[in-house]
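The values are calculated or read from the model by the stated rules, or taken from the named source; none is laboratory data. Worth saying up front: this structure is predicted, and the values here are computed from it rather than measured. Heads up, the Cβs are rebuilt from the backbone with ideal geometry, glycines too, and the neighbour counts pull from every protein chain shown.
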Amino acid sequence: MSEAEGAPEVGRKPAREPEPGPEPSLATAGLTKAFGGVTALDSATVSFHHGKVNALIGPNGSGKTTFFNCVTGMIRPDVGHVTYRGRDLTGWPSHRIARAGVGRSFQLCRVFPRMTVLDNLLAAVRPRSLTGQLARSGGREETERARGWLTRMGIEHLERAEARHLSWGQQKLLELAGVLMSEPELILLDEPAGGVNPALIDRICDLVRELNAEGRTFLIVEHNMDMVMSLSDHVVVFDRGRPIAQGPPSVIQSDERVLGAYLGV
């Protein structure tokens with residue numbers, strides 16, 4: 001080989017390695033779930049970004065809540081896999097998935113209506129052993145932590161009230177506080193703005209931003225498009241049980257598939 005052949009070209013820069021994409025937090029591969037003759041999830045393969053506020057949107061019946069239920073162990077998928085931070089959670093029971101760092105809220109608030117607000121939060125902290133159930137060690141610490149979350153939600157003045165006396169929006173805040181009692185890294189919120197007045201929607205958005213800045217990842221199912229587009233870093237759109245588009249809000253807003261499937265234009 002001549003000297004010319006072996007020498008690098010003058011002025012030519014070495015090839016740059018491609019920039020790594022965002023680290024996935026939650027991912028599914030071929031996730032499928034049918035109820036009778038209706039396929040709610042159809043080989044859904046999708047991932048959500050770690051450390052970001054992700055949103056999952058789509059028309060009614062597109063499989064969003066079924067997706068949440070499969071991911072959190074409420075129901076088992078027929079086919080496919082669910083991974084969280086590279087760990088396969090497929091088929092795990094919901095309590096084990098929660099202990100792995102995944103928390104969720106529900107479209108219809110799940111609170112204990114005749115328990116006080118404070119006791120609702122304490123009930124969310126479940127000892128992991130019979131010894132823990134009997135001893136309830138650290139009870140004072142749990143109570144102070146619960147009060148801290150109530151203060152963070154802005155409902156500390158209601159700690160002695162029964163949950164059934166709270167407004168719908170206040171119950172949403174109480175449910176979020178209950179989710180946070182288990183210190184999840186990934187929080188799935190199912191329609192947090194549903195039935196909530198504008199002032200409380202702003203409060204929920206502020207809380208999501210604050211908690212995300214502190215290191216928590218979010219995946220939000222929501223029909224309030226103003227909230228989704230202003231709050232989210234990454235949006236995935238479902239239609240008929242599978243993702244049809246994904247990207248930042250600016251891209252999703254102009255995607256023809258989204259306009260046709262979700263917005264009906």
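Listed values, structure above:
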read-out	value
Val102 vs. criteria modelled with pLDDT of 95 or more and out of contact with any helix residue (DSSP H, G or I) (no Cβ under 9 Å at 6 or more places or on another chain)	no
Test: residue in region 208-230 that is within 19 Å of Arg110 (Cα to Cα) and of a type in the set (Ser, Thr, Tyr)	no
Test: residue in region 32-39 that is under 17 Å from the mean Cα position of the chain (by Cα) and either assigned by TED's automatic domain parsing to the domain that holds Glu162 or at pLDDT below 95 (or both)	no
Filter result (within 24 Å of Leu259 (Cα to Cα) and assigned to a helix (DSSP H, G or I)) within region 58-100	Lys64, Thr65, Thr66, Phe67, Phe68
Single condition Asp226 does not satisfy, out of (1) without any contact (Cβ under 8 Å) to a residue 12 or more places away in the chain; (2) assigned to a strand (DSSP E or B)	(2)
Verdict on Thr45 being modelled with pLDDT under 95, in the same structural domain as Glu222 (by TED's automatic domain parsing) and closer than 30 Å to Cys205 by Cβ	no
Residue among Gly58, Gly80 that is surrounded by 15 or more Cβ atoms within 10 Å (Cβ to Cβ), more than 19 Å from Met181 (Cα to Cα) and modelled with pLDDT of 95 or more	Gly80
Top-ranked residue of region 200-256 - restricted to ones that are within 27 Å of Ala29 (Cα to Cα) and among the charged types (D, E, K, R), ranked as surrounded by the fewest Cβ atoms within 10 Å (Cβ to Cβ)	Glu256
